[in-house]
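Visitor: Below is a structure I'd like to ask you about.
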Amino acid sequence: MAVFVALGAFLMTLAGGWTAQRVTDRRHLVLGLAGGLMLGVVGLDLLPEALAAAGTEVHGVPAALLLFVAGFLLAHGVERLLAARRAAHGAGEHARTPQVGLTAAAAMVAHSAMDGVAIGAAFQIGEGMGVAVAFAVIAHDFADGFNTFTLTTLYGNARRRAVAMLCADAVAPVVGAASTLLVTVPQPVLGGYLGLFGGALLYLAAAEILPEAHHRHPAGPTLLCTVGGAAFVWLVVGVAE
């Protein structure tokens, strides 16, 4: 049942990526929406789940929040390192580095796989819990597919690479759900991962996606798309609860 339900996440992820491809003539609006979706996913979905799953504290601070900060700094460090290496080869320090886009998309794929694990684990608890978790995952996988394609292409990767990462992101929940037939992921490990991933995702949204969205374009419509993206995630989380 868990694997069958995860097929819904597969289709929703592809729908999100297809949408991102079709609106390339309004790239600044696409990026504004992607930034809002990413902000909403981090603040309203990932962090609450991470805090609930990884309940331990380290020197008075929840472990999930420490890993959240670590994820932000890790993403910043990786981007600066790749940019410096590119500058050393004459491309300019601020040039887009395709490796960053691929790394971010790979993190999205890993996150989608963990979504599938969450579906499988919830069905092990009970059918009602499984359906509730599956609904939440399927609803926000549209944003995952949208962001995976957008992140990959934003950093200068070819369309075929973006499509490949999108397909991997779509398959990941099914693989994750199937893996729960063999293994069980401890809750603290899952919570720590969500915190780390959330920090990296917030860095990409705040430092890369949103500045690019507002570059040389009217701020009003783009800002509305950003607010709308965050509000959409809020609606999805509220309905799922």
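The values are calculated or read from the model by the stated rules, or taken from the named source; none is laboratory data. The structure displayed is predicted, hence computed values, not measured ones. Please note: Cβ atoms are built from the backbone with ideal geometry, for glycine as well, and neighbour counts cover all protein chains shown. Surface accessibility is based on the protein's heavy atoms, side chains included, excluding ligands, DNA and RNA. Shrake-Rupley method; radii C 1.70, N 1.55, O 1.52, S 1.80 Å.
Visitor: Which listed residue (L182, F68, V109) has the Cα farthest towards the positive end of the charge dipole for the chain, taking +1 on Lys and Arg C-beta and -1 on Asp and Glu C-beta about the Cα centre?
Guide: V109
Visitor: Right, next: Per residue, how many Å² of accessible area does the chain show with a 1.4 Å probe?
Guide: In whole numbers, the chain has 48 Å² accessible per residue.
Visitor: Something else now. In Å, what is the Rg of the alpha-carbon atoms in the stretch 152-241, and how long is Dmax?
Guide: When restricted to Cα atoms, the stretch 152-241 yields Rg and Dmax of 17.0, 51 Å.
Visitor: Could you tell me the ratio Rg/Rh of the stretch 146-200? Both radii from Cα atoms, Rh via Kirkwood.
Guide: Result for the stretch 146-200 is an Rg/Rh of 1.08.
Visitor: Further, regarding this structure: Return one quarter of the surface area of the convex hull spanned by the alpha-carbon atoms of the stretch 3-49, equal to its mean projected area, in nm². Numbers along the way, then the final one.
Guide: Working: hull surface 15.6 nm².
For the Cα atoms of the stretch 3-49, the hull's average projected area reads 3.9 nm².
Visitor: So, one more: If one takes the longest principal axis of the Cα atoms in the chain, at what angle in degrees, from 0 to 90 and to the nearest 10, does the Cα axis of helix 2-22 lie?
Guide: Tilt of helix 2-22: around 20 degrees.
Visitor: Okay, moving on. Under the definition of Cα pairs under 8 Å and six or more residues apart, what whole-number percent is the relative contact order of the chain? Write out the running numbers ahead of the final one.
Guide: Details: 415 pairs, mean separation 105.5, N = 241.
Contact order relative to length: 44 percent.
Visitor: Summing -39500 (n - 2.57) over the DSSP H runs of n ≥ 4 in the chain and dividing by its residue number, what mean residue ellipticity at 222 nm do you reach, to the nearest 500 deg cm²/dmol? Mind dumping the intermediate values first?
Guide: Numbers: 10 runs with 188 residues, N = 241.
Only helices count here, giving -26500 deg cm²/dmol.
Visitor: Here's a follow-up. Select from L67, L224, L201 the residue whose mean-square fluctuation is largest in a Gaussian network model of the chain (Cα-Cα springs shorter than 10 Å).
Guide: Residue with maximal mean-square fluctuation among L67, L224, L201: L224.
Visitor: With springs only between Cα atoms under 10 Å apart, run a GNM on the chain and tell me which of L73, L81, L204 wobbles the most.
Guide: Residue with maximal mean-square fluctuation among L73, L81, L204: L81.
Visitor: Can you give the Rg to Rh ratio of the chain, both from alpha-carbon atoms, with Rh computed by the Kirkwood formula?
Guide: We get a ratio of 0.97 for the chain.
Visitor: Just add up the charged neighbours of A121: K/R +1, D/E -1, any other residue whose Cβ is under 15 Å from the Cβ of A121. The partial results should precede the final answer.
Guide: Working: positive: none; negative: E49, D115, E127.
Value of the local net charge: -3.
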